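The values are calculated or read from the model by the stated rules, or taken from the named source; none is laboratory data. All values reported here derive from a predicted model rather than from experimental measurement. Positions of Cβ are generated from backbone atoms using ideal geometry, with glycine treated the same way; all protein chains shown enter the neighbour counts. Keep in mind that these areas ignore ligands, DNA and RNA; they rest on the heavy atoms of the full protein, side chains included. Shrake-Rupley method; radii C 1.70, N 1.55, O 1.52, S 1.80 Å.
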Amino acid sequence: MNPPAPDGPASRPAAQPAQQAELSADIEDVRARTQAQLDAVRRTWLSDALAEAARAPRQAAWELYFASAGRHCGRTAASDVRVLLLHAAGAGEETLIRLYRQGTAAERAAVLRALPHLPTGATPRALPLAEDALRANDTTLVAAAVGPYAAAWLDPHAWRHAVLKCLFTGVPLDAVSGLARRARGDAELARMLRDFARERTAAGRPVPADLDRALALTDPDAPADPPEEN
């Protein structure tokens, strides 16, 4: 892993146009979704937490809000709350790495989901976090790891294995951002999918329903961006 850079503005390589398309994400959508899930008391708690994160991003106080989001805002909203906190703090690589390494699975997933909303998401420097999540068997982590950041930065070999990991662990392929664009014309992914299907069949195990969909997307003439794509 490269040495982490401190939080705050820094000179980083910019994402290429295709990567920028994958990483496009509107924090206002996250904010609106979160507000709709919270009652007045929880909205007040969130407002105080965001203010603290924005006021003193380099101090640890706001990270206590990050850790306790589930208790104060409920498990359903907690992931979005944590994304908002990371965005408000402008969390840089050092903070993201620390929160990921020290966090619960839910906190780690929130770090991964926040990447498209942060400057670090426009660089490959957080790839070790996504790669670590893809080695886990926790479906929450795997689903978070195959979001827009992975679509932008995972190399072809790692990305193909990420798709297989979703099929193996039962994560719906709807979680895989950029699936149609990256799968189109990918003969190696098609081979891996067929091998996986044969292995499952030989072992008397069911072939995931999503596999046929993924295989169809490897056709060179498949649409690159179907309406349902993430």
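A few notes on this one:
- Selection count where residues are without any contact (Cβ under 8 Å) to a residue 40 or more places away in the chain, open to solvent by 30 Å² or more (accessible area, probe 1.4 Å) and touching a Lys or Arg at 6+ places or on another chain (Cβ under 9 Å), scope region 116-136: 2
- Every residue from region 160-171 that is open to solvent by 20 Å² or more (accessible area, probe 1.4 Å) and part of a helix (DSSP H, G or I): 160, 161, 164, 165, 168, 169
- Flag for residue 181 being part of a helix (DSSP H, G or I), touching a residue at least 24 places away in the same chain (Cβ under 8 Å) and within 25 Å of residue 124 (Cα to Cα): yes
- For region 68-105, the set of residues classified as more than 24 Å from residue 123 (Cβ to Cβ) and either in contact with a Phe, Trp or Tyr (Cβ under 6 Å, 6 or more places away or on another chain) or crowded, with 17+ Cβ neighbours inside 10 Å (or both) consists of 69, 70, 72, 73, 77, 78, 81, listed by residue number.
- Subset of region 146-159 [open to solvent by 50 Å² or more (accessible area, probe 1.4 Å) and either part of a helix (DSSP H, G or I) or under 18 Å from residue 108 (Cβ atoms) (or both)]: 156, 157
- Matching option when the condition is among the basic types (Lys, Arg), closer than 20 Å to residue 219 by Cβ and surrounded by 22 or more Cβ atoms within 10 Å (Cβ to Cβ), among 182, 108: 182
- Residue 174 being out of contact with any Leu (no Cβ under 8 Å at 6 or more places or on another chain), over 19 Å from residue 127 (Cβ atoms), modelled with pLDDT of 95 or more and open to solvent by 40 Å² or more (accessible area, probe 1.4 Å): yes
- Those residues of region 31-42 which are open to solvent by 40 Å² or more (accessible area, probe 1.4 Å) and either touching a residue at least 40 places away in the same chain (Cβ under 8 Å) or in a helix (DSSP H, G or I) (or both), in sequence order: 31, 32, 33, 35, 36, 37, 40, 41, 42
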